[in-house]
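Novice: I have a structure here, written as structure tokens, and I will follow up with some questions on it.
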Amino acid sequence: MKNPKVGFIGAGKVGTALATTLFKGGYPVVAIANKNIDASKKLADLVPGCSVFKTTQDVANTAEHVFITTPDDSIATIASEIAWRPKQNVVHCSGAASVDILEPAKQSGCMVGSFHPCQAFASVDQAIKNLPGSTFAIEAQGPLLDTLKEMASTIGCDWIILKPGNKALYHAAAVFASNYFVTLLKVATDLFKNFDVPTTQSIKVLMPLIQGNIKNINTIGLPSCLTGPIARGDVSTIEKHIFALKEKEPSILKLYAELGLKTIPIALEKGTLDEKVSEALQTLLKKAIGNES
């Protein structure tokens, strides 16, 4: 199916970004339905030739390739309520769910798959800007797998293929790299409040450090990009950190120590930390979380 007529059920950040990007890549995006009609209209305004429909069935009747880009909890219900046509492509964009939730479409003779962009979408405009250059995690088989790989490549994205059962672990990895990175930044900026530096200023202080780390990851990769006291085997500095956290922010001491224990193997792999100092660091960090065994 070369450049099939594409329809979207769901006009949120992912749906809008993907629809506009596919349209720019030469794919005819012909249909959109969303609970919020205004969101549908906004998407259609960005994609000439895209018709706004009131029902999901109308999208399925119009398009050959249907993306379901609703919240995850709605996907299975939508898939079960539509009267699908044999040989349609039905694809969801959930990060955690497998293709199993599209079983009703598969039973109707459709090819089913998932197509998840490994990217952080904070707003529609930002999503549209950030999508090119991202990587899609694809779960599909046969001709649909080839179609989704071609779609990703056409819009300037990379792709990886996931096997059944891989999806939840893949998404957990993305959460560590994306969502929990934000959490760690919040922890860091909160520490700055102990010396009266507000969040906006502490972010400004930390941003060059963050960007430097990202540059190092891109250029020299893991484990070489690791810096800091554990990479150097600086036990006395870690002791100072533990003492300060016990005194000022004991609620995050366990988090600090557990992350430190996860960092030691990276430093060992980099080759800047020897085994003897590694053991001293492990003892120190385990003691900080009350686990000296």
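Novice: Using R₀ = 25 Å, calculate the FRET efficiency as 1/(1 + (r/R₀)^6) where r is the Cβ-Cβ separation of LYS87 and SER123; round to 0.05.
Specialist: 0.10
Novice: Same structure again: Run the 1.4 Å probe and let me know the accessible area of TYR27, rounded to the nearest 10 Å².
Specialist: For TYR27, the solvent-accessible surface is approximately 10 Å².
Novice: For the chain, with all protein chains present and a 1.4 Å probe, just round the carbon and sulfur fraction of the accessible area to a whole percent.
Specialist: Ligands and nucleic acids excluded, carbon and sulfur give 57 percent.
Novice: Distance check, please: which entries in LYS129/LYS163; LYS204/LYS254; LYS24/LYS106; LYS2/LYS149; LYS186/LYS248; LYS2/LYS129 exceed 20 angstrom between their Cα atoms?
Specialist: LYS129/LYS163; LYS204/LYS254; LYS24/LYS106; LYS2/LYS129
Novice: Using a basic spin-label model with each label point 7 Å from the Cα along Cα→Cβ, how many nm lie between GLN282 and THR219?
Specialist: 3.4
Novice: Taking a probe of 1.4 Å, how large is the accessible area per residue of the chain, in Å²?
Specialist: Per residue, the chain has an accessible area of 54 Å².
Novice: Any chance you could get the radius of gyration and Dmax over the Cα atoms of the stretch 181-265, in Å?
Specialist: 13.8, 38
Novice: Using only the Cα atoms of the stretch 8-47, construct the convex hull and provide its projected area averaged over every direction, in square nanometres to one decimal.
Specialist: 2.3
Novice: What is the ratio of the Cα radius of gyration of the chain to 2.2 N^0.38 Å, where N is its residue count, to two decimals?
Specialist: 1.24
Novice: Let me ask something else. How far, in nm, would the chain grow between LEU259 and ALA168 when pulled straight, counting 0.36 nm per residue and subtracting the alpha carbon separation?
Specialist: 30.5 nm
Novice: Need one word for the stretch 100-256: rounded, prolate or oblate. Basis is the Cα gyration tensor (sqrt eigenvalues a ≥ b ≥ c); a/c below 1.5 gives rounded, then a/b vs b/c decides.
Specialist: prolate
Novice: Additional query: Quick check: the angle from helix 275-288's long axis to the longest principal axis of the chain, C-alpha only, nearest 10 degrees?
Specialist: The answer is roughly 80 degrees.
Novice: How do GLU150, GLU249 rank by accessible surface area computed with a 1.4 Å probe, from largest to smallest?
Specialist: Final ranking, largest accessible area leading: GLU150, GLU249.
The values are calculated or read from the model by the stated rules, or taken from the named source; none is laboratory data. Since the model is a prediction, treat every value here as computed from it, not as a measurement. Cβ atoms come from the backbone with ideal geometry, glycine included; neighbour counts cover every protein chain shown. Surface areas here come from the heavy atoms of the whole protein model, side chains and all, with no ligands, DNA or RNA. Shrake-Rupley method; radii C 1.70, N 1.55, O 1.52, S 1.80 Å.
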